[in-house]
1. Before we move on, is residue 19 in contact with a Leu (Cβ under 6 Å, 6 or more places away or on another chain) and within 15 Å of the ligand (Cβ to nearest atom)?
2. With 41, 51, 3 as the choices, which residue is over 25 Å from residue 112 (Cβ atoms) and touching a Leu at 6+ places or on another chain (Cβ under 6 Å)?
3. When only residues in region 51-70 that are closer than 25 Å to residue 99 by Cβ and not in a loop (DSSP other than H, G, I, E, B) count, which is nearest to the ligand (Cβ to nearest atom)?
4. Among the numbered criteria (1) buried (at least 16 other Cβ atoms within 10 Å of the Cβ); (2) free of Cβ contacts under 8 Å to residues at least 12 places away in the same chain, which one does residue 23 miss?
5. Answer yes or no: is there a residue in region 59-81 that is charged (D, E, K, R) and farther than 27 Å from residue 112 by Cβ.
Amino acid sequence: MIFSKIPKPEKHIFICLQNRPAMHPRGSCASKGAAAVYEAFARQLESEKLFARFALTNCGCLGPCMKGTTAMVYPDGVMYAGLTPEDVPSIIEQHLKGGEPVAELLISPDVWG
Ligand code: FES
């Protein structure tokens, strides 16, 4: 059996692309434009040839649906909320490349019980 190793990313960003039926009480990140956020990450990471350093994965619900679009960055354990495509360049520059989370885009700590 041949097993190909893959490079370990410096950081891994997960974007919630969860969808739910219209009128669902929790709503969803998909209904808040999550696909456009994912696309913005993918375009910039590709255009700057950053996929060798940073991994990007779409995922299901991360929990705080009312705060969508949400994203998690590992290994930092940092969650962003209310993201739009316009927020992506600052997250890539300041957090992924620079190691400093973008404070104004972090989810409010009071979301955690
Ligand atoms: S649907 Fe995105 S956090 Fe729940």
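Values quoted throughout were computed directly from the atomic coordinates according to the rules given, and no laboratory measurement underlies them. Given the structure is predicted, the values throughout are model-derived calculations rather than measurements. Virtual Cβ from ideal backbone geometry, glycine too; neighbours counted across all protein chains shown.
1. On the way: in contact with a Leu (Cβ under 6 Å, 6 or more places away or on another chain): no; within 15 Å of the ligand (Cβ to nearest atom): yes.
No: the conditions fail for residue 19.
2. Numbers: 41 fails: over 25 Å from residue 112 (Cβ atoms); 3 fails: touching a Leu at 6+ places or on another chain (Cβ under 6 Å).
After applying the criteria, what remains is 51.
3. The selected residue is 67.
4. Every condition holds for residue 23 apart from (1).
5. So the first thing to find is which residues in region 59-81 are charged (D, E, K, R), and the list is 67, 76.
The next check asks that each one be farther than 27 Å from residue 112 by Cβ; those that pass are none.
No, region 59-81 has no match at all.
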